Each structure stands twice: as C-alpha cells, then as structure tokens.
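Structure first, then comments.
Rule-based calculations on the coordinates, nothing more; no lab input. All figures in this text were calculated on a predicted structure; none of them were measured in a lab. Ideal geometry is used to build each Cβ from the backbone, glycine not excepted, and the neighbour counts take in all protein chains shown.
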There are 2 protein chains.
Amino acid sequence: MQEPTFLILTALAAGPQHGYGMITDVQEISAGRVRLRAGTLYAALDRLQAENLIAVDREEIVDGRVRRYYRLTEEGGARLAAEAERLRRHAEAATARLRARLAGGALSSHALRNRPLDGKTPFRRGLAGGAA
Amino acid sequence: MQEPTFLILTALAAGPQHGYGMITDVQEISAGRVRLRAGTLYAALDRLQAENLIAVDREEIVDGRVRRYYRLTEEGGARLAAEAERLRRHAEAATARLRARLAGGALSSHALRNRPLDGKTPFRRGLAGGAA
DNA sequence: TTCCCATATAAAGATGATCGATATATAAAG
DNA sequence: CTTTATATATCGATCATCTTTATATGGGAA
C-alpha cells in the first residue's frame, strides 16, 4: 500500500469524512509533508471502495452540492492496523541498522578490509570483469 | 519512496551487499513478507545510483560471474533515516486513531447521529441528490 | 546431459500516483 | 453585473515504480 492510500485510511480512522476534508486532514497528519491532490484522492476512493476497505457513509447536500462522507469498513480498519504495524517494523529495522552503522558495527566484517570506491571510478555496466 | 526501495536501502544500511544478497536480506528484514524480485531490484539499484543514494562499493569475480557490491552513500543514509522517521510517524498516527476509534471516541460527533449505510444501497456516482 | 542455483539484465504489462483541466454553487469583491 | 475565490467532485494523460517473465552463464547435483 502506498503512502497516499495509507493516509486516506488514516484520515478515515478518526471518523467519517468527505473528500475535501480528507485532503486537509492528510496534510495535518503528515505535518504538511503530503499534499493530497484531488485527482489522487478520488481515484483512490474508488479503488478502496472496490476493495471494500471503505464505504460511503452518507451524503449531505451543502450549498446545492453533494458532500459524500466515507468511512472505514471493518476490513479497512483491520487492513490499516496491519499496514501500520508493518510500517512500524520497517522503520524500526531501518533505524536499528542505521544506529549500528554509526557505531561502526556494520563495517567490521568486510568493509574495513575493502575500502569503498570513491565513486570516481569509471564504470560500464555488464562489462566488469570480462571474465570467461 | 515505496516499500521495496526502502527495504533495499535498509539492507544496505548493514553494510555493502550484492544484488542477490539483498534479495535474501530483504526477506529476512520483512520477516518473509516481502519477496524482492530480481527485476524490481536491479531497476531500483539503477535508479538509486542515479539519485546518488547508493554507489558501487566494489566488484568480485566469483565462479566467473561478477558480484557487484553496493553501499549506501551519505546522502542515502540520510534519506533512509528521514524515510524511517516518516514511516514511524505515519504508523503512530494511524495506531493512535485506531485506538481512539475502538474506544468510541471517533464516533461521538456525527457517526452516532447518522447511522452508516450498510453498503447495500444502490449508488450511482455523480447523480446523488439531483439538487439545483 | 539436464536441471538447479546464484547472479545479472532486459522488456512487457499493470498499478497507482501526479498534474492539469473541467464543472458547479455560493459568496465576496470590483 | 462580472470577475474571482472557495468548496467540492470528476476526468484524462502521463509518469514512476513494481511485477512478471524471459534470457544468459558457470558450477554443482541428479
């Protein structure tokens, strides 16, 4: 599941919301980092509905326009929980490795014996050794 | 950044590795949940190299074949750290909202007044109210 | 020999995101 | 009154990335 999709489900986890509200909500959730576009949102809503992760909660007419509220389905809630847990684990794995790296741990095995190239080496893919 | 890309960087955070090794490493990191395909991996390696997030560390010839080791660049390490933090926050936001939801908090405002539709309601997009 | 494993590459197809444009009702500004 | 802004939903083209599938190769196993 990609980020926008995840954030849409997260927005709905707080209770039913309509499209425009989600756009602003997602911006808050992500501390302003993710700006959901209308095109992205409504396409995603269709997809999520087809996957039965969200459903139309109700519709209101405001100023003559439809305002459609969506909500998480049970399946959607479960899915979001699973995704959140997956993200948490991935983030944890990455930070653990980064910490070990800074502590010099990751460099103990071979990296210390073989100094890294400095990126200046000219390099043609597929023609490395010319072996055989 | 998508999941496979993130996991590739995470694999490299533990020290330089070659393609095939990353495939198995990613499987471990994700507890068997993510199986990186060769096509995904090598395309991603090219991309990440072009973005200067990884670099070729060295090459070895094993059994007549090239075994190319990649490593994280400094930029790549910083990027991975930033991404991990982003994931952590997103996961946190989602679980917080899910918790509030289970506690009934999210349902207090309008959802209790307006019972959700049960999904059986026939629904034609764009023809909702017919207002105006 | 034939098959599998480790390893790298390439190309086609699918999915989902982005960007940009369109539409409409109300309200505010000129 | 006309223009512009705001809130809201929809559509289409394009792009980025992932998946699937196929190909190549050397060594070891059946």
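Just check region B:3-101 against the gyration tensor rule for me: Cα atoms, a ≥ b ≥ c as the square roots of the eigenvalues, rounded for a/c under 1.5, and otherwise prolate or oblate depending on whether a/b exceeds b/c.
prolate
When the label point is put 7 Å from the Cα of A:Arg89 along its Cα-to-beta-carbon vector, which residues of region B:22-36 have a backbone N closer than 17 Å?
B:24-36
Compute, for region B:3-101, the length of the dipole vector about the Cα centre, with Cβ point charges of +1 (Lys, Arg) and -1 (Asp, Glu) only. Units Debye, rounded to 20.
Roughly 580 debye, rounded to the nearest 20.
Between B:Tyr42 and A:Gln2, what's the calculated FRET efficiency when r is the beta-carbon distance and R0 is 22 Å? Round to 0.05.
The calculated FRET efficiency here is 0.55.
Can you give the FRET efficiency to the nearest 0.05 for B:Ala103 and B:Glu75, using r as the Cβ-Cβ distance and R₀ = 45 Å?
0.60
Just to verify a number: FRET efficiency for B:Val66 and A:Ala31, C-beta to C-beta distance, R0 = 45 Å, to 0.05?
0.55
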